[in-house]
1. Given the options L37, L95, L33, L82, name the one that is over 25 Å from the mean Cα position of the chain (by Cα) and free of Cβ contacts under 8 Å to residues at least 12 places away in the same chain.
2. Which one of these does W55 not meet: (1) outside the structural domain of L88 (by TED's automatic domain parsing); (2) modelled with pLDDT of 75 or more?
3. Could you check how many residues of the stretch 290-306 are more than 24 Å from A109 (Cβ to Cβ) and in contact (Cβ under 8 Å) with a residue 12 or more places away in the chain?
4. Assess whether E69 counts as being among the acidic types (D, E), without any contact (Cβ under 8 Å) to a residue 40 or more places away in the chain, in a helix (DSSP H, G or I) and surrounded by 15 or more Cβ atoms within 10 Å (Cβ to Cβ).
5. Looking at A271, A278, which one is closer than 20 Å to T110 by Cβ and either at pLDDT 90 or above or in contact with a Pro (Cβ under 6 Å, 6 or more places away or on another chain) (or both)?
6. Kindly indicate which of P284, P307, P318 is modelled with pLDDT under 90, surrounded by fewer than 18 Cβ atoms within 10 Å (Cβ to Cβ) and more than 26 Å from the chain's Cα centre (by Cα).
7. In this structure, is L51 surrounded by 13 or more Cβ atoms within 10 Å (Cβ to Cβ) and within 27 Å of the chain's Cα centre (by Cα)?
8. Is it the case that the stretch 164-171 has a residue that's within 26 Å of I263 (Cα to Cα) and modelled with pLDDT of 70 or more?
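The values are calculated or read from the model by the stated rules, or taken from the named source; none is laboratory data. Quick caveat: nothing in here was measured; it's all calculated off a predicted structure. Because the Cβ atoms are built from the backbone with ideal geometry, glycine has one as well, and the counts that use them run over all protein chains shown.
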Amino acid sequence: MTGGEQVGGIGPRERRWLFFFLVVATAYVSLLLAETLLNFLSGFGQIILILFLAWLLAFVMSPVARSIERRLSLSQSPSVGLAYLLALVGLGIVLFTAGGAISQQLTAATDEFPRTVVRIEQTLGDYQAALGLNRAQIDFVELFHSAQDQFGKLFTAIFDQAEAIAGATLNTLGSLFLILILSLYMLMDRDRILGKVNRVVPRRYNDELQILERSVARAFGGFLRAQIILAFVQAVLVAVVGTIFGIPYLFLVGLPSTLAMLIPFFGPPLALLPPVLAAWIYTPDTFIISTVILVGVQTVVVNWLQPRLMRGALGMHPILVLVGLLVGAQVAGVWGALFGIPIIAVANVFLSLLLLGEVPNAALPDREQLSDVGEGTMVRVAKAQVSDETHPHIHVRRSLRPDGEEQFEMVVDEPGGEP
């Protein structure tokens, strides 16, 4: 039979078209199934979010607990309890101090608001005169009053919904308490939980499971560490520049700037808006130099420090970072935008392993990592495993130790003997 002959009445061209339509139909059905699954899971979105945040908190607290366990020679449960106690005390001190300062500065800013409005009007009038624009062409002061009216309507609408906001706040506090309790149990039983997962997954997928565990640890660990350090650097930058140039209300200015820095990709430019705006309003004489310092230092931090901090997060191409941000925001809103990047990083590792047979060097076990290449360098891997569970002369016996860990015993048949 030659290549051009028909098989079962179907020629080569028809077979190609049939294969094409099968591929398209499979992709279409897969998308429909994925959409159905997402719609089903959306009904459990709040529960999934609570579990995810609890796991994330346990992941963040794990190094602290391990450090306490190692330094004080305590067992696992007391170490975890002490770690959470210290974290709660530290958080309480920070919230008490920051809350008092913010409340005091908010009261002062409200009392000074009429004088601030006059100062802004004078500054805008000076800009308009310097640019040689008359009020018939454009009126900066009138534009400011329009924006002020819009903000006033917004704040009025917010105050009208005070009861709903109070209810949402109580629900949030309840969710935070539940997240705290769940993360505490997750961290105390982490070894048992991981042991059960390892026993459920077939042994032939042990390598993939190890890569998944390391990828998740590296991706989320590197991402969280980088974002927290960047936010801390931004807070210090705003505090130092504000103190040097006399910018008032630094807690009110620094808090939104620090929180904005936690947002990946779009966070740095947003973090500049509060200090730059405060410098323009309250210290116009030094506005240019303070803005130059803020922009210059943050540019160095983002372009020099951030790549080094993210090196342990299984580094991705900037396009994938933007895709992770947009897809996460579309699927899960603000939380998706925050954590879409490490999730995409883990997915990227497994797609590279599946399609190319490569993984980042950092995803390999410590004993298998290459010392002469970077952590983000893609390394080709080959899996060679003896099927000891099905080999006719090799038998594996599994049992559980008293502590719940699984143990294996391998028995090899003697030549000419019975198993």
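1. Values: L37 fails: over 25 Å from the mean Cα position of the chain (by Cα); L95 fails: over 25 Å from the mean Cα position of the chain (by Cα); L82 fails: free of Cβ contacts under 8 Å to residues at least 12 places away in the same chain.
So the residue among L37, L95, L33, L82 that is over 25 Å from the mean Cα position of the chain (by Cα) and free of Cβ contacts under 8 Å to residues at least 12 places away in the same chain is L33.
2. (1) is the only condition that W55 fails.
3. Our first condition is that a residue be more than 24 Å from A109 (Cβ to Cβ); within the stretch 290-306, this holds for 292, 295-306.
Imposing the further condition that a residue be in contact (Cβ under 8 Å) with a residue 12 or more places away in the chain reduces the set to 295, 297-298, 301-302, 305-306.
The total comes to 7.
4. Numbers: among the acidic types (D, E): yes; without any contact (Cβ under 8 Å) to a residue 40 or more places away in the chain: yes; in a helix (DSSP H, G or I): yes; surrounded by 15 or more Cβ atoms within 10 Å (Cβ to Cβ): yes.
Answer is yes for this residue.
5. Details: A271 fails: closer than 20 Å to T110 by Cβ.
Answer to the selection: A278.
6. P284
7. Values: surrounded by 13 or more Cβ atoms within 10 Å (Cβ to Cβ): yes; within 27 Å of the chain's Cα centre (by Cα): yes.
Taking the combined requirement at face value, the residue satisfies it.
8. no
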